[in-house]
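The values are calculated or read from the model by the stated rules, or taken from the named source; none is laboratory data. Owing to the predicted nature of the structure, the values given are computational and were not obtained by experimental measurement. Glycine also receives a Cβ, built like all others from the backbone with ideal geometry; neighbour counts cover every protein chain displayed.
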């Protein structure tokens with residue numbers, strides 16, 4: 001990407017109607033555009049970041065046997081009435097509308113009903129199980145107070161997986177498989193050292209559900225953390241009986257704020273029974289599949305990463321999710337500088353390294369470097385007359401602040417090694 005061709009521009013000031021740090025930074029850097037409270041459009045750089053997050057999630061879901069689908073956002077009233085979840089009294093975050101031809105439809109806040117209805121037509125025998133369908137799709141929730149930028153919205157992407165198992169034992173094995181995959185996802189996103197498995201209410205299906213909570217001062221949740229054991233308890237279930245069950249001691253728990261970045265929970269046969277999803281076991285007896293549900297919000301992850309890794313100069317993306325691996329900055333319009341920067345750009349492209357090149361004319365070196373810091377791409381390759389006198393480029397690490405002079409002939413190798 002040549003920055004002169006990028007239609008987005010940086011802004012010095014944050015929008016007055018945006019209170020959250022993550023949205024302020026992402027709007028200033030030209031990653032997102034605010035449509036209304038809780039609704040954001042993703043611009044070229046922002047979409048690349050979001051796609052990188054979704055790619056990591058997708059890879060780990062595929063690795064455990066997940067099959068990706070894409071379900072309709074428009075939802076049938078009749079289907080949701082079968083599970084008693086159409087009423088606004090039961091689910092108070094619906095977006096609903098009336099069709100011109102008559103009848104009412106909703107925009108899906110989640111997809112347990114439709115995926116179960118689909119599987120009803122494809123599961124007949126125990127040989128058809130287990131199944132792990134998942135999707136990464138827009139969800140719509142009529143939140144009363146959409147706040148915290150990308151971390152709580154009215155329209156957002158969600159990865160939701162649903163498992164269908166023959167037995168409770170098989171369900172537990174699938175549940176554990178997904179749990180471990182979630183740990184891998186958060187580790188790859190750079191959140192592994194601050195994200196903890198957190199025990200929360202299990203509702204009617206099991207004693208506990210599990211949340212993945214990332215410790216952060218901006219978090220809406222309060223959790224009680226045992227760092228030695230690497231687990232936490234949500235405030236809502238903090239009772240002596242729960243602590244005893246989990247082998248935790250009150251005086252060893254640290255109260256912290258956290259952001260829920262994922263959750264997994266058992267559904268039992270609640271939806272398979274209500275929607276008539278059955279299979280025949282080895283003895284020919286009809287049974288209902290045991291289900292699990294597993295969610296991760298890519299938008300929320302992007303907002304949290306932006307918030308956690310930013311500094312006073314702007315965004316600082318982890319290498320795994322950054323829109324580009326390197327950012328070439330031509331520090332002057334001198335022909336020698338422009339020619340050298342162009343050569344670096346071409347070399348990195350040939351080495352299959354995704355790179356952004358600030359080739360804008362008439363923009364000062366200070367403004368280019370300020371923009372580069374705001375954009376937060378991991379490596380800045382600063383091409384200027386001083387470094388070219390040594391046939392070199394200054395390589396600046398955005399996360400560590402370290403800078404070193406690297407010979408032009410070693411740039412591609414240096415960038416590859418760094419990423």
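Considering only residues in the range 34-49 that are out of contact with any helix residue (DSSP H, G or I) (no Cβ under 7 Å at 6 or more places or on another chain) and part of a strand (DSSP E or B), the one that is surrounded by the most Cβ atoms within 10 Å (Cβ to Cβ) turns out to be 39.
I'm trying to understand the selection: among the residues of the range 278-302, which are in contact (Cβ under 8 Å) with a residue 40 or more places away in the chain and farther than 29 Å from residue 140 by Cα? Matches in the range 278-302: 278, 279, 280, 281, 282, 287. Of the residues 222, 228, the single one that is modelled with pLDDT under 95, more than 28 Å from residue 174 (Cβ to Cβ) and in the same structural domain as residue 61 (by TED's automatic domain parsing) is 228. Just one of the listed residues (319, 338, 368, 343) is surrounded by fewer than 24 Cβ atoms within 10 Å (Cβ to Cβ), modelled with pLDDT of 95 or more and assigned to a loop (DSSP other than H, G, I, E, B), and it is 319. Of the residues making up the range 351-367, those that are over 29 Å from the mean Cα position of the chain (by Cα) and in contact (Cβ under 8 Å) with a residue 24 or more places away in the chain are 359, 360, 361, 362, 365. Would you say residue 181 is on the phi < 0 side of the Ramachandran plot, more than 27 Å from the chain's Cα centre (by Cα), assigned by TED's automatic domain parsing to the domain that holds residue 113 and at pLDDT 95 or above? No: the conditions fail for residue 181. If we scan the range 54-64, do we find a residue that is surrounded by 14 or more Cβ atoms within 10 Å (Cβ to Cβ), more than 18 Å from the chain's Cα centre (by Cα), over 27 Å from residue 366 (Cα atoms) and in the same structural domain as residue 147 (by TED's automatic domain parsing)? Yes, there is a match, as at least one residue in the range 54-64 is surrounded by 14 or more Cβ atoms within 10 Å (Cβ to Cβ), more than 18 Å from the chain's Cα centre (by Cα), over 27 Å from residue 366 (Cα atoms) and in the same structural domain as residue 147 (by TED's automatic domain parsing). Suppose the filter is part of a helix (DSSP H, G or I) and in contact (Cβ under 8 Å) with a residue 60 or more places away in the chain; does residue 83 pass it? So residue 83 does not fit the description; no.
For the range 303-310, indicate whether the set of residues that are under 24 Å from residue 111 (Cα atoms) and either touching a helix residue (DSSP H, G or I) at 6+ places or on another chain (Cβ under 9 Å) or in contact (Cβ under 8 Å) with a residue 12 or more places away in the chain (or both) is non-empty. Scanning the range 303-310, I find at least one residue that is under 24 Å from residue 111 (Cα atoms) and either touching a helix residue (DSSP H, G or I) at 6+ places or on another chain (Cβ under 9 Å) or in contact (Cβ under 8 Å) with a residue 12 or more places away in the chain (or both), so the answer is yes.
Residue by residue, here is whether (1) farther than 23 Å from residue 202 by Cβ; (2) within 27 Å of the chain's Cα centre (by Cα); (3) at pLDDT 95 or above holds:
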position	(1), (2), (3)
234	no, yes, yes
238	no, no, no
245	no, no, no
259	no, yes, yes
263	no, yes, yes
283	yes, no, yes
286	yes, no, yes
289	no, no, yes
302	yes, yes, yes
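In the condition set (1) assigned to a helix (DSSP H, G or I); (2) under 25 Å from residue 179 (Cα atoms); (3) outside the structural domain of residue 40 (by TED's automatic domain parsing), residue 303 is compliant with all but (3).
The numbered conditions (1) within 13 Å of residue 157 (Cα to Cα); (2) within 15 Å of the chain's Cα centre (by Cα); (3) without any contact (Cβ under 8 Å) to a residue 40 or more places away in the chain are all true for residue 41 except (2).
Just checking, does the range 21-28 include any residue being within 19 Å of the chain's Cα centre (by Cα), assigned to a loop (DSSP other than H, G, I, E, B), surrounded by 11 or more Cβ atoms within 10 Å (Cβ to Cβ) and touching a residue at least 60 places away in the same chain (Cβ under 8 Å)? No, that holds for no residue.
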